[in-house]
Amino acid sequence: MGLLNRWVSESQPGDGQTNRANRLATGSNGQTSNWHLEDGSFTRVRNITLGYTFPNAMMQRAKINNLRIYTGVQNPFTFTDYLGYNPEVNSRPDSALNPGEDYGTYPLARTYTIGLNLSFN
């Protein structure tokens with residue numbers, strides 16, 4: 001329904017809630033306003049790592065001093081109602097004086113890691 005209720009003219013003001021269809025600066029339509037606000041609160045899990053170090057008694061037969069295997073993930077979960085890619089928004093690209101405005105911030109990459117730490121006698 002979004003654009004059906006938009007402002008068209010003084011005689012057709014729409015529902016008073018939906019912006020004009022254009023993004024030109026005429027009539028302050030291109031200006032940031034409270035119409036653009038949304039809740040940016042979030043909770044994020046940044047890192048999860050699980051590992052196992054094998055007991056020394058088990059490794060001595062293979063002449064291994066230390067053996068550890070592990071797996072991890074970075075940025076596995078973000079809990080938010082924010083509709084953009086990343087609730088940790090950037091500022092305007094042309095100014096550092098406007099923090100908190102989302103101009104297409106890239107989502108954080110989810111990175112998976114597996115590893116093996118091995119040392120011999």
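The set of residues in region 52-72 that are of a type in the set (Val, Ile, Thr) and within 19 Å of Thr113 (Cβ to Cβ) comprises Thr53, Ile69, Thr71. For region 109-121, the candidate set comprises residues that are surrounded by 10 or more Cβ atoms within 10 Å (Cβ to Cβ) and free of Cβ contacts under 8 Å to residues at least 40 places away in the same chain; within that set, the residue that is farthest from the chain's Cα centre (by Cα) is Thr111.
Of everything in region 46-55, what is surrounded by fewer than 11 Cβ atoms within 10 Å (Cβ to Cβ) and out of contact with any Lys or Arg (no Cβ under 9 Å at 6 or more places or on another chain)? Give them in sequence order. Hits for region 46-55 are Leu50, Pro55.
Taking the criterion of being touching a residue at least 12 places away in the same chain (Cβ under 8 Å) and loosely packed, with under 11 Cβ neighbours inside 10 Å, the only residue of region 56-78 that qualifies is Lys63.
Values quoted throughout were computed directly from the atomic coordinates according to the rules given, and no laboratory measurement underlies them. These figures come from a predicted structure and were not determined experimentally. Virtual Cβ from ideal backbone geometry, glycine too; neighbours counted across all protein chains shown.
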